[in-house]
Amino acid sequence: MIKYRILRPIVKLITKIYIRPKYEGTENIPKSGPFIFAGNHIHLVDPATIMSVTNRTVHFLGKASLFKYPQALIFNHMGLIKVERDGKDVSAYSSAVKCLKEGNIIGIYPEGTRERGRGLLPFKKGVIKMALESNSVIIPFATVGEYKPFKKGIIVRFGKPYKPKEDLRKSADELREIVKGLLEQKS
């Protein structure tokens with residue numbers, strides 16, 4: 001991921017200047033080993049705040065439409081895993097699990113889409129299945145606030161590592177409740 005290593009400092013600098021996020025709970029982010037960042041999705045630039053909190057490569061799952069020109073010029077070099085949203089994308093899932101088994105980080109928004117003012121949406125079970133199959137923990141996070149260019153307005157809170165259980169639906173609901181708690185937490 002040479003291009004990622006070149007682009008990450010640029011993304012980090014732009015994020016620091018343009019978004020100015022405040023991070024809470026960064027001590028919960030593992031320094032090594034595979035794990036999954038999983039949280040709410042409020043804005044197109046959410047991944048930049050997550051990429052900027054670690055020096056490791058974060059392989060986000062992203063909808064296939066992101067891989068069209070002109071944004072493809074960037075996304076094709078950022079370690080994204082393309083997801084076809086029509087049905088279950090077995091190829092994307094397999095790529096993500098393989099990535100985790102190789103000791104890497106996956107970034108995913110279990111809602112499957114941006115909230116767009118609808119509040120926290122139900123979580124899909126794929127993130128739980130992925131964590132179980134790869135023996136990875138999930139680092140829940142919540143992006144809180146409003147993006148205001150060149151002004152502070154975004155807080156990203158990271159929760160303690162979550163180890164899901166075999167009951168996919170119950171674990172997805174538990175993970176959602178953890179993220180909801182992070183959203184409602186006072187700074």
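Taken together, the residues in the range 133-179 that are aliphatic (A, V, I, L, M), more than 20 Å from residue 52 (Cβ to Cβ) and either assigned to a strand (DSSP E or B) or in contact with a helix residue (DSSP H, G or I) (Cβ under 8 Å, 6 or more places away or on another chain) (or both) amount to 4.
Residue count for the range 150-168 satisfying the condition of being touching a Ser or Thr at 6+ places or on another chain (Cβ under 6 Å) and exposed (fewer than 15 other Cβ atoms within 10 Å of the Cβ): 1. Here residue 127 passes the criteria (1) of a type outside the set (Phe, Trp, Tyr); (2) farther than 20 Å from residue 62 by Cβ; (3) touching a strand residue (DSSP E or B) at 6+ places or on another chain (Cβ under 6 Å) except the one numbered (2). Elements of the type strands (runs of 3 or more DSSP E) sitting completely within the range 16-64 and holding at least 3 residues that are surrounded by 21 or more Cβ atoms within 10 Å (Cβ to Cβ): these cover 35-39, 58-63. It is to be established whether one or more residues within the range 117-131 are within 16 Å of residue 42 (Cβ to Cβ) and part of a helix (DSSP H, G or I). Within the range 117-131 (the criterion being within 16 Å of residue 42 (Cβ to Cβ) and part of a helix (DSSP H, G or I)), the answer is no, since none of the residues qualifies. The single condition among (1) surrounded by 13 or more Cβ atoms within 10 Å (Cβ to Cβ); (2) within 28 Å of residue 161 (Cα to Cα) that residue 67 does not meet is (2).
Return yes when residue 174 is surrounded by fewer than 19 Cβ atoms within 10 Å (Cβ to Cβ), more than 15 Å from the chain's Cα centre (by Cα) and within 23 Å of residue 116 (Cα to Cα) and no when it is not. Judged against the criteria, residue 174 is a match. On the given criteria, is residue 112 out of contact with any Gly (no Cβ under 9 Å at 6 or more places or on another chain) and under 21 Å from residue 63 (Cα atoms)? In short, no. Contact annotation: residue pairs with Cβ atoms under 6 Å, 6 or more positions apart or on different chains, pairing a residue in the range 80-108 that is touching a residue at least 60 places away in the same chain (Cβ under 8 Å) with a partner that is in a loop (DSSP other than H, G, I, E, B) and surrounded by 20 or more Cβ atoms within 10 Å (Cβ to Cβ), are 100/136. Tallying residues that are in contact with a helix residue (DSSP H, G or I) (Cβ under 7 Å, 6 or more places away or on another chain) and closer than 23 Å to residue 97 by Cβ within the range 14-39 yields 5.
Output the residues belonging to the range 7-53 that are aliphatic (A, V, I, L, M), over 19 Å from residue 114 (Cα atoms) and out of contact with any Phe, Trp or Tyr (no Cβ under 8 Å at 6 or more places or on another chain).
Going through the range 7-53, the residues aliphatic (A, V, I, L, M) turn out to be 7, 10-11, 13-14, 17, 19, 29, 36, 38, 42, 44-45, 48, 50-51, 53.
Now drop any that are not over 19 Å from residue 114 (Cα atoms), which leaves 7, 10-11, 13-14, 17, 29, 53.
Hits for the range 7-53 are 7, 10, 11, 13, 14.
So for the range 81-95 (the condition being among the hydrophobic types (A, V, I, L, M, F, W, C), surrounded by fewer than 14 Cβ atoms within 10 Å (Cβ to Cβ), out of contact with any Cys (no Cβ under 9 Å at 6 or more places or on another chain) and not in a loop (DSSP other than H, G, I, E, B)), does at least one residue qualify? Spell out the reasoning first.
Filtering the range 81-95 for residues among the hydrophobic types (A, V, I, L, M, F, W, C) gives 81, 83, 90, 92.
Now drop any that are not surrounded by fewer than 14 Cβ atoms within 10 Å (Cβ to Cβ), which leaves 90.
Among the residues that remain, those that are also out of contact with any Cys (no Cβ under 9 Å at 6 or more places or on another chain) are: 90.
With not in a loop (DSSP other than H, G, I, E, B) added as a condition, the list becomes 90.
For the range 81-95, residues among the hydrophobic types (A, V, I, L, M, F, W, C), surrounded by fewer than 14 Cβ atoms within 10 Å (Cβ to Cβ), out of contact with any Cys (no Cβ under 9 Å at 6 or more places or on another chain) and not in a loop (DSSP other than H, G, I, E, B): present.
Note on the range 1-44: residues that are of a type in the set (Phe, Trp, Tyr) and either farther than 22 Å from residue 146 by Cα or over 16 Å from the mean Cα position of the chain (by Cα) (or both) amount to 3.
No value in this document is a laboratory result; all are computed from the given coordinates. What you see is a predicted model, and the numbers here were worked out from it, not measured in a lab. When we count neighbours, we look across all protein chains shown, and the Cβ atoms used for this are built from the backbone with ideal geometry, even at glycine.
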